[in-house]
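Chemist: Sending over a structure as structure tokens; questions will come in a sec.
The values are calculated or read from the model by the stated rules, or taken from the named source; none is laboratory data. It should be emphasised that the depicted structure is a prediction, and the values quoted were computed from it without experimental measurement. Glycine also receives a Cβ, built like all others from the backbone with ideal geometry; neighbour counts cover every protein chain displayed.
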Amino acid sequence: MEATLTEKKEAANTRRINRMPLNLPLKAEGRDTADSQWEEITRLRDVSSFGAAFTLSRPVKRGRLIKLVLPMPRQMRCYDFFEAQYHVWGVVRRCVAEENAEDETYVLGVAFIGKVPPKSFLEDPSRLFDVSHKSEDEHGLWEVKPLESEQEETQLPSEDRRHSRYDIPVNLTVELLDADGKVTETEDTVTENISLSGASIFTSLTVENGRFLKVTSVQDGAVIKAIVRGKRIGQDGIPRLHIEFIDQMFPLSGIID
């Protein structure tokens, strides 16, 4: 029996929503700060009209906006149906280190938000965003809202939220990474306070919010990627960096036990 018009529309909507495993080439472009821009060529793992999953050689903070360029199947597009390449912005919803990978790679899940980023991103590329709701226009892509600095952790899933902080000194080696992930500066320092998910560290580095660091625990050799969330000068005149660990928790076992 021939499918009804309603059934055909439902089938088309299902194809738009369901993720399809497609190994298509993809260019990802991002900005950690106004002066720090990166791009990487990779491949899709799966995609729908409203989001995609793929791997990168760098971690990208949850809530960051990135631009994707790919030969998206036309039946899955929301605009630019006759362009060779589909240009779409997305907000990072998930970034985890890939287990058992030969090289350091991260699996990202991105929700598509449209052809252009919001104005607040253009004003401050280090701004983080959260998904708000599906748009009611013809495209039906995700709408986003900017996160205020005090909201950036409370809006995360419970497993990513701030943990109890301990006012204890922990010896660390901190390496500042450039846009290509190469080390540009190294500093041996100590924490002012630390938790499973972040720390305040004394520093002499000149670094902007949104920059990536590689942090090594002197005690057990654990290596963790971190992002700079803020900087302040203490009453003692010594600068502190506020950093957030992004690819794993800090191993506090043996330090606070």
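Chemist: Across segment 210-242, which residue is modelled with the lowest pLDDT among those that are outside any strand (DSSP E or B) and surrounded by 17 or more Cβ atoms within 10 Å (Cβ to Cβ)?
Modeler: Gly210
Chemist: So, in segment 202-247, exactly how many residues are farther than 23 Å from Leu147 by Cβ and over 19 Å from the mean Cα position of the chain (by Cα)?
Modeler: Number satisfying all stated conditions: 19.
Chemist: While we're on this one: Return yes when Arg64 is under 20 Å from Phe129 (Cα atoms) and either at pLDDT below 95 or out of contact with any Gly (no Cβ under 8 Å at 6 or more places or on another chain) (or both) and no when it is not.
Modeler: Numbers: under 20 Å from Phe129 (Cα atoms): yes; either at pLDDT below 95 or out of contact with any Gly (no Cβ under 8 Å at 6 or more places or on another chain) (or both): yes.
Taking the combined requirement at face value, the residue satisfies it.
Chemist: Scan segment 102-120 and give yes if some residue there is polar (S, T, N, Q) and at pLDDT below 85, otherwise no.
Modeler: no
Chemist: Still on this structure: Would you mention how many residues in segment 180-200 are surrounded by fewer than 19 Cβ atoms within 10 Å (Cβ to Cβ) and among the small types (Gly, Ala, Ser)?
Modeler: Within segment 180-200, residues that are surrounded by fewer than 19 Cβ atoms within 10 Å (Cβ to Cβ) and among the small types (Gly, Ala, Ser) number 1.
Chemist: Filter segment 213-246 for residues that are of a type in the set (S, T, N, Q) and in contact with a strand residue (DSSP E or B) (Cβ under 6 Å, 6 or more places away or on another chain) and give the result.
Modeler: Passing the criteria: only Thr216.
Chemist: Scan segment 238-255 and report the pairs whose first residue is closer than 19 Å to Val228 by Cα and assigned by TED's automatic domain parsing to the domain that holds Val228 and whose second residue is of a type in the set (Asp, Glu) and modelled with pLDDT of 80 or more, with Cβ atoms within less than 7 Å and a gap of 6+ or a chain change.
Modeler: Close Cβ pairs (under 7 Å, with a partner that is of a type in the set (Asp, Glu) and modelled with pLDDT of 80 or more) amount to Arg240/Glu192.
Chemist: How many of the residues in segment 162-190 are within 22 Å of Thr105 (Cβ to Cβ) and among the hydrophobic types (A, V, I, L, M, F, W, C)?
Modeler: Summing the residues that are within 22 Å of Thr105 (Cβ to Cβ) and among the hydrophobic types (A, V, I, L, M, F, W, C) in segment 162-190 gives 4.
Chemist: A further question on this structure: Applying the selection to segment 168-179, what residues are at pLDDT below 90 and assigned to a strand (DSSP E or B)?
Modeler: Leu177
Chemist: Between a first residue in segment 88-116 that is farther than 15 Å from Gly63 by Cα and a second residue that is surrounded by fewer than 16 Cβ atoms within 10 Å (Cβ to Cβ) and basic (Lys, Arg), which pairs have beta carbons less than 9 Å apart while being 6 or more apart in sequence or on different chains?
Modeler: Within 9 Å, the pairs are Val88/Lys115.
Table: residues versus (1) in contact with a strand residue (DSSP E or B) (Cβ under 8 Å, 6 or more places away or on another chain); (2) modelled with pLDDT of 90 or more.
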| position | (1), (2) |
| --- | --- |
| Pro157 | no, no |
| Tyr166 | yes, no |
| Gly181 | yes, no |
| Asn193 | yes, yes |
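Chemist: Now, a different point. Of the residues that make up segment 58-74, is at least one without any contact (Cβ under 8 Å) to a residue 24 or more places away in the chain and either charged (D, E, K, R) or surrounded by fewer than 22 Cβ atoms within 10 Å (Cβ to Cβ) (or both)?
Modeler: Yes - at least one qualifying residue is present in segment 58-74.
Chemist: Does any residue of segment 10-27 turn out to be within 15 Å of Lys115 (Cβ to Cβ), assigned by TED's automatic domain parsing to the domain that holds Arg127 and either surrounded by 12 or more Cβ atoms within 10 Å (Cβ to Cβ) or at pLDDT below 90 (or both)?
Modeler: The answer is no; no qualifying residue exists.
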